[in-house]
1. Of the residues in region 94-121, how many are more than 14 Å from the ligand (Cβ to nearest atom), open to solvent by less than 40 Å² (accessible area, probe 1.4 Å) and not aliphatic (A, V, I, L, M)?
2. Scan Tyr110, Tyr83 and give me the residue that is out of contact with any Pro (no Cβ under 8 Å at 6 or more places or on another chain), aromatic (Phe, Trp, Tyr) and farther than 26 Å from Lys29 by Cβ.
3. Could you tell me whether Asn144 is part of a loop (DSSP other than H, G, I, E, B), touching a residue at least 24 places away in the same chain (Cβ under 8 Å), under 13 Å from Ile206 (Cα atoms) and not aliphatic (A, V, I, L, M)?
4. List every residue pair whose Cβ atoms lie under 8 Å apart, where the two residues are 6 or more positions apart in sequence or sit on different chains, the first residue falls within region 164-193 and is under 18 Å from Val146 (Cα atoms) and among the charged types (D, E, K, R), and the second residue, located anywhere, is open to solvent by 50 Å² or more (accessible area, probe 1.4 Å) and within 16 Å of the ligand (Cβ to nearest atom).
5. Residues of region 1-36 being among the aliphatic types (A, V, I, L, M) and crowded, with 16+ Cβ neighbours inside 10 Å, which ones?
6. Residue check: is Ile177 within 15 Å of the chain's Cα centre (by Cα), under 25 Å from Leu310 (Cβ atoms) and within 15 Å of the ligand (Cβ to nearest atom)?
7. Within region 316-348, which residues are open to solvent by 40 Å² or more (accessible area, probe 1.4 Å) and under 19 Å from the mean Cα position of the chain (by Cα)?
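The values are calculated or read from the model by the stated rules, or taken from the named source; none is laboratory data. Predicted model only: the values in this text are computed from it and were never measured. Ideal geometry is used to build each Cβ from the backbone, glycine not excepted, and the neighbour counts take in all protein chains shown. Heads up: the accessible areas ignore ligands, DNA and RNA and are worked out on the full protein's heavy atoms, side chains in. Shrake-Rupley method; radii C 1.70, N 1.55, O 1.52, S 1.80 Å.
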Amino acid sequence: MEIKNNRLIGGSGDKVNPFVEAHAYDKKKVITPDAIIIHYTAGASGSATVNLFKSASATTSAHFVVSEDGSITQMVDLNRRAYHAGTSSYGGRSGYNSLSIGIEISNPGYLQKIDGQYYTWWEAKKEKKTPTPLSKVFTGKHRNAVTTMTYWYKYTDEQIAAVKALCKAICKAYNIIEILGHEEIAPGRKCDPGPAFPLDALRDEIFAQNSTVNINDLFQNAVSKSAASSLVVGKATVKLNFRQGPSSSAPLKSSPMAAGTYIYIIGQDDSKEWYNILHEITGWIDKEFIEQDNTDSEYDGELKTDNAMLYSDCKKSRRLVSDLKAGTKFNIIEQQENLFRIKAVVEGWACAKYITKEV
Ligand SMILES: [Zn+2]
């Protein structure tokens, strides 16, 4: 499948339905999307959602609806603002309807457990309830601590494959820098797509293909350097999330680090379950955010502002870290027009049980 003129075109074997125009979307404003937002519909079927979005009473919409069989229906041109995100913000940006392409996956959402059976939200309300087949029940904690539901309706393999293929086609046509769940841009208010959807794996697969960063190579120096100092070097034993705080619900600081990545351990939290770590990251940054300093032999400069973003390449196709702090020191590796490629040590948190001490 591919995107041409803001429309999805199916290739042979792709289940792409004819375009059906949604009723409610911004017909005046043209947008240049750089994000994809993943949703579930909380509905009973993809065709019901398509009918809902096209009905004259609709007030919401999304660019795509992905049905249970993996078939995809586009309902809004990709350069038009659909109404799927609502009040939303992430990484310093807000108003995701203007920034993003919305993908609604047909799925009932969270399930309620009553007397050992699991029910969709609408069945739970009925006098005579029909339970969800156990083969469709997914049990898992939500990434947002504020969301306490534990039971979710499974997505079909066809849906997961279709969403992945769709995201890849979108990323080829647009400069997409982030793929986020509705739950991440409106935590508390929203919990879709929920833990039954493999969002982290999707991001890993899609963005890993664009990544030009090999952090391990850069850390070889760091390890030998730390042998001469008192810093403790650790090594990630699995693919490890790098977080802003000592909690599995704390926002991610960057994309996960690969197994085998070296980090510095600088502290621990009270529970001793989390290490406060330093993680070396390279990426591209706008020159305007940095102050060069040639007086320090160790570093080439420091960041002037808190809002600088670090990108994976000089086309700024993927944001690596969105909350670099003013004062962060760095080395300049390369430069191009308005961008510097820098190597900076970023402070954050990672789960201690997945880190072995090396030095
Ligand atoms: Zn949603």
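1. Selection size over region 94-121: 5.
2. On the way: Tyr83 fails: farther than 26 Å from Lys29 by Cβ.
Tyr110 is the lone residue from the list that is out of contact with any Pro (no Cβ under 8 Å at 6 or more places or on another chain), aromatic (Phe, Trp, Tyr) and farther than 26 Å from Lys29 by Cβ.
3. Working: part of a loop (DSSP other than H, G, I, E, B): yes; touching a residue at least 24 places away in the same chain (Cβ under 8 Å): yes; under 13 Å from Ile206 (Cα atoms): no; not aliphatic (A, V, I, L, M): yes.
Considered against the rule, which asks whether it is part of a loop (DSSP other than H, G, I, E, B), touching a residue at least 24 places away in the same chain (Cβ under 8 Å), under 13 Å from Ile206 (Cα atoms) and not aliphatic (A, V, I, L, M), Asn144 comes out as no.
4. Glu183/Arg143; Glu183/Lys190; Glu184/Tyr90; Glu184/Arg143; Arg189/Thr87
5. Across region 1-36, the qualifying residues are Met1, Ile3, Leu8, Val16, Ala22, Ala24, Ile31, Ala35, Ile36.
6. Details: within 15 Å of the chain's Cα centre (by Cα): yes; under 25 Å from Leu310 (Cβ atoms): yes; within 15 Å of the ligand (Cβ to nearest atom): no.
In short, no.
7. Within region 316-348, just Lys316 meets the criteria.
Conditions tested, residue by residue: (1) at pLDDT 95 or above; (2) not assigned by TED's automatic domain parsing to the domain that holds Asn6.
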{"site": "Thr132", "(1), (2)": "yes, yes"}
{"site": "Ser135", "(1), (2)": "yes, yes"}
{"site": "Ala145", "(1), (2)": "no, yes"}
{"site": "Thr148", "(1), (2)": "no, yes"}
{"site": "Gln159", "(1), (2)": "yes, no"}
{"site": "Lys164", "(1), (2)": "yes, no"}
{"site": "Cys167", "(1), (2)": "yes, no"}
